[in-house]
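**Student:** One structure, pasted below without further comment.
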Amino acid sequence: MEGRHSHPSTPIPEDFVQKRGKKRGSYNCGRCGLPKKGHVCDLTKEFSEVPTPTSSDAKSFVLPSQLSVIRSNPTPPLPPPRQPVVQLRRALSFDDIGVTDESPGSDDEGEGDGEGEFLDFESELDLGGSGKLPASCLWEVFKRLPPSSLLSSAKVCKGWRDVSRRIWKSAEELRLEVPLKAQIGLVGSVLQKCPGLVKLSLRMKSDVDATMLACIAFSCPNLDSLEILTSDTSVNRITGDDLGRFVADKRCLTNLKMEGCSNLGGFTLSSTSLSTLCLSELFCHSKMVFNCPNLKEISLIFSRQENENTDLTAMVNGLGRSCPRLQNIHVASVRLTHAVVLALTAANLRGLRMLSLVLGSEITDASVAAIVSSYSRLELLDLSGSSISDSGIGMICNVFPETLLKLLLALCPNITSSGIQFAAAQLPNLELMDCGMSICDPDLDSPAAQENDNVDIQRTPSSKLHLIYQKLIIKHSHLKKLSLWGCSGLDALYLNCPELNDLNLNSCMNLNPGRLLLQCPNLESVHASGCQDTLVEALQNQVCGDFMAEDNHFPCKRLPDGSKRIRVPHSYSPQPFDDGKRKRRLSKQRCAVLVY
């Protein structure tokens, strides 16, 4: 038989060898041996007489026959060789079918193996005869398109379709907005295009349920981070059992963030890979168990409804036993009490660095004493909405003088400007401080207070813990962000913070423009929404005045009697003028006063 070697011990008759059957046509080229399908041979062996075509008369080229080549008569030139296709078309292919958002896998029917899956960046793609575009340039353009535009571009031509298909396959992060009343097939078709997806963020405008989780688990086997965000038009119908099965099956999942978790009920999350967990809008959970030994950050935001009755003490006790590596804890609930703080201190989380207990009105100075006695290396402490006083701030300053970088005490009505000044003086490494709605005027909304807007400020003894109008003086060398939003009881403000770049004075309605002094050369933005027009004007004059003051580069000289300084023109100055230094000063960024 042709093309096969006989066994050496088997004799073959000569008649069998010489007599062959009908020779069938070959699927390979007779010159180079490559498949004929979509192939133009470059070997010209005995056709060397054929002239080389030129670009000027490419339109008049006619493919010559073999007889016309053998004759000596002049023949028309060959057509220009086609560009090699990236991937040979198979017999069963869907290249002619348009790509639709609802057709799952429509771009992947022509997949191949080996080197055919990658683009040749040195090649060029013919875009409708209008010119040649390198594949590398097309790749850079396509990978900057949003998912909807990338789906539309695949309908233009086969070259664009190949590039878009490989863009989908190489994608590792996808942010997708699911429209209202969208079918699950839409999300499934998009996810199937991205087999190597690692990070997925879905902004849901339609309802989400267990079917969506199943689709994500099937389409993204290597998923590392999942984020599901809800909107006003969507409802999260995922139950605790559905979420528990998803987390247990996805052994590569490390980050999980989900909003609208009001229907979870009781749940148990067991995972050895999960390190970050964020759940919001939790409501009335009968059981919350976290069996995540490698969990390092957890954020639980509960609903503010009055009938919310989750047992936070039992939940915190479980965290101490099953999540020993926790470093960041954030819990926002109106049911935070001193008992929850005691359970947290009993958990003995040695690696805890950030603690945020928000909206716990029953958290007092005793709770602060329990926290500082158990965790002495905190870098962030957020007790916003608590009932601590200046005594609690004093305990915080005594324990965290070197480690604390961020202190948030918003919505704490029992602290005064003296406590804030003491914290700024005793915490030298502090970079962020939030004291919004802490220094408030309790009689601000009363009719008597509105009638006395133009009268001299008077102290009223009705306030139990502090006077209504106070002054705040802060001098700090490392503070970068300061928030005093809603401090309607603040009358005077003096800041000397060379590193401060963000200042929030929203709704500081009683701040006196004449008692405002900002010595912050690096200040970039000042938020002044809800402030008086005179205060906004004073802020603009101060921050712009500091900038204009730096435009004066004339050196100064003291008079012989030492009484005052005078300006000396450059022509009389013995010191040379540094022109480069002037340019650097003039390029200083201006501060923006933001009023919405």
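The values are calculated or read from the model by the stated rules, or taken from the named source; none is laboratory data. As the structure is a prediction and not an experimental result, all values here were calculated from the model. Here the Cβ is made from the backbone with ideal geometry for all residues, glycine too, and neighbour counts use every protein chain on show. Just so you know, the surface numbers come from the protein's heavy atoms only, side chains and all, with ligands and any DNA or RNA stripped out. Shrake-Rupley method; radii C 1.70, N 1.55, O 1.52, S 1.80 Å.
**Student:** Among the residues of segment 481-506, count how many are closer than 16 Å to GLU537 by Cα and part of a loop (DSSP other than H, G, I, E, B).
**Tutor:** 2
**Student:** I'd like to verify a number: residues in segment 469-519 that are open to solvent by less than 40 Å² (accessible area, probe 1.4 Å), among the small types (Gly, Ala, Ser) and closer than 16 Å to ALA423 by Cα, how many?
**Tutor:** 1
**Student:** Of a type in the set (A, V, I, L, M, F, W, C) and either within 19 Å of ARG335 (Cα to Cα) or touching a residue at least 40 places away in the same chain (Cβ under 8 Å) (or both): which single residue out of PHE267, PHE283 fits that description?
**Tutor:** Working: PHE267 fails: either within 19 Å of ARG335 (Cα to Cα) or touching a residue at least 40 places away in the same chain (Cβ under 8 Å) (or both).
After ruling out the rest, the residue left standing is PHE283.
Conditions tested, residue by residue: (1) surrounded by 19 or more Cβ atoms within 10 Å (Cβ to Cβ); (2) more than 23 Å from ALA343 (Cβ to Cβ); (3) in contact (Cβ under 8 Å) with a residue 12 or more places away in the chain.
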site: VAL358; (1), (2), (3): yes, no, yes
site: ILE363; (1), (2), (3): yes, no, yes
site: ALA366; (1), (2), (3): no, no, yes
site: LEU378; (1), (2), (3): yes, no, yes
site: LEU383; (1), (2), (3): yes, no, yes
site: SER386; (1), (2), (3): yes, no, yes
site: MET395; (1), (2), (3): no, no, yes
site: ALA410; (1), (2), (3): yes, yes, yes
site: ILE415; (1), (2), (3): yes, yes, yes
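**Student:** Kindly provide the set of residues from segment 260-279 that are over 17 Å from LYS199 (Cβ atoms) and open to solvent by 20 Å² or more (accessible area, probe 1.4 Å), ordered by number.
**Tutor:** Once the filter is applied, which keeps residues that are over 17 Å from LYS199 (Cβ atoms) and open to solvent by 20 Å² or more (accessible area, probe 1.4 Å), segment 260-279 yields SER262, ASN263, GLY265, GLY266, THR268, SER270, THR272.
**Student:** Among VAL289, VAL247, which is the only one that is farther than 21 Å from MET354 by Cα, out of contact with any helix residue (DSSP H, G or I) (no Cβ under 9 Å at 6 or more places or on another chain) and among the aliphatic types (A, V, I, L, M)? Even if it seems obvious, please write down each step before you answer.
**Tutor:** Working: VAL289 fails: out of contact with any helix residue (DSSP H, G or I) (no Cβ under 9 Å at 6 or more places or on another chain).
Testing whether each residue is farther than 21 Å from MET354 by Cα, out of contact with any helix residue (DSSP H, G or I) (no Cβ under 9 Å at 6 or more places or on another chain) and among the aliphatic types (A, V, I, L, M) leaves just VAL247.
**Student:** Right, something else. Out of curiosity, is GLN183 open to solvent by 60 Å² or more (accessible area, probe 1.4 Å), within 24 Å of the chain's Cα centre (by Cα) and in contact (Cβ under 8 Å) with a residue 60 or more places away in the chain?
**Tutor:** Numbers: open to solvent by 60 Å² or more (accessible area, probe 1.4 Å): yes; within 24 Å of the chain's Cα centre (by Cα): no; in contact (Cβ under 8 Å) with a residue 60 or more places away in the chain: yes.
Answer is no for this residue.
**Student:** Just give me the residues in segment 291-313 being under 15 Å from LEU253 (Cα atoms) and touching a Cys at 6+ places or on another chain (Cβ under 6 Å), in sequence order. Steps first, answer last, please.
**Tutor:** Taking segment 291-313 first, the residues under 15 Å from LEU253 (Cα atoms) are 291-298.
Scanning segment 291-313 gives CYS292, LEU295.
This table checks each residue for (1) over 15 Å from LEU484 (Cα atoms); (2) out of contact with any Lys or Arg (no Cβ under 8 Å at 6 or more places or on another chain); (3) of a type in the set (Ser, Thr, Tyr); (4) in a helix (DSSP H, G or I).
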| site | (1), (2), (3), (4) |
| --- | --- |
| CYS508 | no, yes, no, no |
| LEU511 | no, yes, no, no |
| LEU518 | no, yes, no, no |
| LEU523 | yes, yes, no, no |
| CYS531 | no, yes, no, no |
| THR534 | yes, yes, yes, yes |
| ALA538 | yes, yes, no, yes |
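**Student:** Right, next: Go through segment 160-176 and report how many residues are of a type in the set (Gly, Ala, Ser) and open to solvent by 10 Å² or more (accessible area, probe 1.4 Å). Before the answer, list the steps.
**Tutor:** Taking segment 160-176 first, the residues of a type in the set (Gly, Ala, Ser) are 164, 170-171.
Now restrict to residues that are open to solvent by 10 Å² or more (accessible area, probe 1.4 Å): 170-171.
Looking only at that region, the number is 2.
**Student:** Moving on. Count, please, the residues in segment 187-229 that happen to be out of contact with any Ser or Thr (no Cβ under 8 Å at 6 or more places or on another chain) and in contact (Cβ under 8 Å) with a residue 40 or more places away in the chain.
**Tutor:** 2
**Student:** Can you report the number of residues in segment 308-339 which are over 32 Å from the mean Cα position of the chain (by Cα) and of a type in the set (A, V, I, L, M)?
**Tutor:** 2
**Student:** Quickly run through segment 524-539 and pick out the residues that are open to solvent by 40 Å² or more (accessible area, probe 1.4 Å) and within 33 Å of the chain's Cα centre (by Cα).
**Tutor:** Here is the first cut: in segment 524-539, the ones open to solvent by 40 Å² or more (accessible area, probe 1.4 Å) are 524, 530, 532-534, 537.
Passing the criteria: GLU524, GLY530.
**Student:** So, one more: Tell me, yes or no, whether segment 366-383 has at least one residue that is among the charged types (D, E, K, R) and under 16 Å from THR345 (Cα atoms).
**Tutor:** Scanning segment 366-383, I find at least one residue that is among the charged types (D, E, K, R) and under 16 Å from THR345 (Cα atoms), so the answer is yes.
**Student:** Quickly run through segment 201-258 and pick out the residues that are surrounded by fewer than 19 Cβ atoms within 10 Å (Cβ to Cβ), touching a Lys or Arg at 6+ places or on another chain (Cβ under 7 Å) and within 18 Å of SER275 (Cα to Cα).
**Tutor:** SER201, ASP224, SER225, GLU227
**Student:** Are any of the residues in segment 188-200 out of contact with any Pro (no Cβ under 8 Å at 6 or more places or on another chain), on the phi > 0 side of the Ramachandran plot and not small (Gly, Ala, Ser)? Explain how you work it out, then say what you get.
**Tutor:** First, pick out the residues of segment 188-200 that are out of contact with any Pro (no Cβ under 8 Å at 6 or more places or on another chain): 191, 193-194, 196-200.
Subsequent filtering for residues that are on the phi > 0 side of the Ramachandran plot retains none.
No; the residues of segment 188-200 include none that is out of contact with any Pro (no Cβ under 8 Å at 6 or more places or on another chain), on the phi > 0 side of the Ramachandran plot and not small (Gly, Ala, Ser).
**Student:** Give me a count of the residues in segment 283-331 that are crowded, with 21+ Cβ neighbours inside 10 Å, among the aliphatic types (A, V, I, L, M) and part of a strand (DSSP E or B). Don't jump to the end; show me each part of the working.
**Tutor:** Of all residues in segment 283-331, those crowded, with 21+ Cβ neighbours inside 10 Å come to 285, 288, 290, 292, 295, 298, 300, 302, 312, 316, 319, 323, 326, 329, 331.
Those left that are additionally among the aliphatic types (A, V, I, L, M): 288, 295, 298, 300, 312, 316, 319, 326, 329, 331.
Filter again for part of a strand (DSSP E or B), leaving 288, 298, 300, 329, 331.
Qualifying residue count for the region: 5.
**Student:** Could you figure out which of (1) crowded, with 19+ Cβ neighbours inside 10 Å; (2) closer than 18 Å to ARG321 by Cα isn't true of ALA339?
**Tutor:** Failed condition: (1).
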